[in-house]
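Here, each number is a calculation from the coordinates, and none is a lab measurement. Everything quoted here is computed from the prediction, not taken from an experiment. Backbone-built Cβ (ideal geometry, glycine too); neighbour counts: all protein chains shown.
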Amino acid sequence: MESVRSVVRRHPWGADAGLALLLALMGVPATAARAPGVAGWPIFVLIFLPLVWRRRAPLVVYWTVFLTWVVANATVDLPGSVLALPAVLYAVARYRPRRALWPVLAAVEIDLAVTWLLGHQSGATVIQANAVAATAVLLGMNLRTHRAYLAALEERARRLERERDQQARLAAAAERTRIAREMHDIVAHNLAVIVALADAAALTTMTAPRGAADKMEKVAATGREALGEMRHLLGLMREGPEAAPSVPVPEPSGPTLVPQPGFDDIDQLLDQVRAAGLPVVLTREGEPGKWGPGAGLAVYRIVQEALTNTIKHGGPGAGAHVRLRYTSAGADLEVTDDGPRRPGRARRQADGHGLAGMAERAASYGGNVEAGPLPDAGWRVRASLRFGDAA
């Protein structure tokens, strides 16, 4: 059955021509029994010939067949030609809107009523003709509805597939953005600390070798911490045990994987920044709620990025002040520094990825970030995050 349907779809002209020929051959015996004569057979052929175009112009074909049949049967007796009428009725019901059926059915009923009133047809014949016409119309409407339903299902499946692909692309883009943001925060902060410690060690190597050695130890510790965080991030990116890196990475002295930092690690972060030479004062109000590790990571990274920018752009002698205020709904934080006003600082900070990363973290929790120079000197980063709705 499916192969027949596929053949019909590929060759509609041939299928319709075959149907017209089949119906005409079926009508030949009944017509020949009435001896239509030489003039009757060409008319008989003309009634069935338009069926070849029944798919492309069903209404035109119907009216052509119907009017030819009415006129012909008024002059010549062609009983077999009646087989063309159910075919064109079916075509109209199948391929045209439902409103197109009303004048078609009205014409059929008027013709049947006139022939019955004139005594050309019996009541039983009229009833049978109505039954045949109704069957053809119902079959066409049913198949039309079925095809429309299948087309709707196919369109819905295609739409769902497009939406699924789009969601997959959006998820992949969001994941790439998250990974890039994490890597930026990890690498930028730790490299800034390492550079600051290395510069301080280079300045004190001759005058205070002990202090220089301490700073280099902190450089190594900062590097190990960065390597541990990168290993943790790469571990989250793995899809399975088979996705292990093909190039061996030297094992750090600490644990391979470390937990993501959070609220409790902010003091350690400030100690690390102080060791890099940036004085930092912390003012904390309230206690963090049970908002989950993501909330703590967001606050930690925003503070980290703000202090990293101070290390990179604040200049010598700059100090920083971190203010944290926890509420029942979330956290408000402010990081300011008193670095001298330096031309181009705002542009350099805006060109980097740090401010965008802070804004994305805050936006993921329904918050926002404001960053800019202070009126006299220095820089301020102010962020508001709402974890109550995200908990």
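How far apart, in nm, are two points set 7 Å out from the Cα along the Cα-to-Cβ line at Gln260 and at Thr75?
8.9 nm
Relative to the compact-globule scaling 2.2 N^0.38 Å, provide the ratio for the alpha-carbon radius of gyration of region 2-121.
Numbers: Rg = 15.0 Å, N = 120, 2.2 N^0.38 = 13.6 Å.
After normalising by residue count via 2.2 N^0.38 Å, the value is 1.11.
Assuming R0 = 22 Å, what is the FRET efficiency of Arg325 and Lys290, from their Cβ-Cβ distance, to the nearest 0.05?
Details: r = 18 Å, r/R0 = 0.80.
About 0.80, to the nearest 0.05.
To the nearest 0.05, how large is the calculated FRET efficiency for Asp214 and Ala57 if R₀ is 56 Å and r is the Cβ-Cβ distance?
Numbers: r = 94 Å, r/R0 = 1.67.
That pair, Asp214 with Ala57, gives E of 0.05.
Output wanted: per-residue J couplings in Hz (rounded whole) for region 150-159, from phi through Karplus 6.51 cos²θ - 1.76 cosθ + 1.60, θ = phi - 60°, x for Gly and Pro.
Karplus values, whole Hz, x for Gly and Pro: 5, 5, 5, 5, 5, 5, 5, 5, 5, 5.
From the phi of every residue in region 126-131, what ³J(HN,Hα) in whole Hz does the Karplus formula 6.51 cos²θ - 1.76 cosθ + 1.60 yield, where θ is phi - 60° and glycine or proline is x?
5, 5, 4, 4, 4, 5
What spacing in nm lies between the two simple spin-label points modelled at Val38 and Leu22, each 7 Å away from Cα in the Cβ direction?
Between Val38 and Leu22, the label points sit 3.4 nm apart.
Which FRET efficiency, nearest 0.05, do Glu370 and Arg159 yield, Cβ-Cβ r, R0 41 Å? Before the final figure, lay out the partial values.
On the way: r = 41 Å, r/R0 = 1.00.
For R0 = 41 Å, the calculated efficiency reads 0.50.
May I ask you to evaluate 6.51 cos²θ - 1.76 cosθ + 1.60, the Karplus curve with θ = phi - 60°, for each residue of region 51-65 and list the ³J(HN,Hα) values in order in whole Hz, giving x for glycine and proline?
Karplus-based 3J(HN,Hα) across region 51-65 equals 4, 4, 9, 5, 6, 7, 9, x, 5, 4, 5, 4, 5, 5, 5 Hz.
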